[in-house]
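Note sheet for the following structure.
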Ligand SMILES: C[S@@+](CC[C@H](N)C(=O)[O-])C[C@H]1O[C@@H](n2cnc3c(N)ncnc32)[C@H](O)[C@@H]1O
């Protein structure tokens, strides 16, 4: 196997560029249109990767801060002038009730999910909002994913919205953007001849590629976007 992280593999980077996930800037722009952030608002991008969303947030006039676990991605984001820190999103080195918004795009499924939601809730000001996109499972989840990826801890839409509400959030928007995931999958097929070819390029192993295709067929992944408000006493 060439890498343990799907989003760091050459096959994914070649297809997706700076945004390391399906939906790309199209989906981030959708979130920004829902966010309508005031100039100077303080926003965390949790799992910021190489900083593509930080650039869009800065362009929107907000104070954007990135956080990620990977040094190589953080170096790329820092080289573009973004403020970043290295930490696990399940233990945020951020003051309680200090943020207007948290963005988290295709990174939550990679974390300790309940603990991460608790942390997002803690750091948001009363009425602050969470902008979350990630993979959900439309079928039966499998435990045979051969790489670390957003598919592996995906649950169905009902389970994930219950989790968000249980953490104290009030759900405001829930959208299905599976069409964007399909476009990404089609791009992988065009580049590698088939999804099996894509997974083989990622894993370097024909058997792992077969396992990934089977897991994908079983899980039938989709892509969601969610906005939730942190309801708290002021
Ligand atoms: C699929 S990539 C998405 C990156 C970025 N959000 C984007 O839109 O391009 C997932 C990112 O989450 C980061 N990540 C994974 N687990 C994490 C954790 N527990 N805490 C912080 N970042 C994490 C990875 O290093 C990676 O940069």
Task: Ranked list, fewest to most other Cβ atoms within 10 Å of each Cβ, for 161, 203 - done: 161, 203
Task: Considering only the chain, percent of DSSP beta bridges that pair antiparallel, nearest 5 - done: 45
Open item on the list: Taking 0.36 nm per residue of sequence separation and subtracting the Cα-Cα distance, how much length would be gained by fully extending the chain between residue 29 and residue 217, in nm to one decimal?
Closed with: 64.7 nm
Task: Over the chain: helical MRE at 222 nm, DSSP H runs n ≥ 4 each giving -39500 (n - 2.57), nearest 500 - done: -12000 deg cm²/dmol
TODO: Could you please rank 176, 88, placing first whichever residue has the fewest other Cβ atoms within 10 Å of its Cβ?
DONE: 176, 88
- [ ] Give the relative contact order (percent, whole number) for region 6-230; include only Cα pairs under 8 Å separated by 6+ residues.
- [x] 20
TODO: Find how many whole Å separate the alpha carbon centroid of region 163-234 from the alpha carbon centroid of region 80-102.
DONE: 24
Open item on the list: Considering all projection directions equally, how large on average is the shadow of the alpha-carbon convex hull of region 146-234, in square nanometres?
Closed with: 6.9
- [ ] Calculate how steeply helix 24-35 sits against the longest principal axis of the alpha-carbon atoms of the chain, using the helix alpha-carbon long axis, and give the answer as 0 to 90 degrees to the nearest 10.
- [x] 20
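Each value in this text was obtained by applying a stated rule to the coordinates, not by laboratory testing. The structure displayed is predicted, hence computed values, not measured ones. A quick note on method: Cβ atoms are made from the backbone with ideal geometry, for glycine too, and the neighbour counts reach across all protein chains shown.
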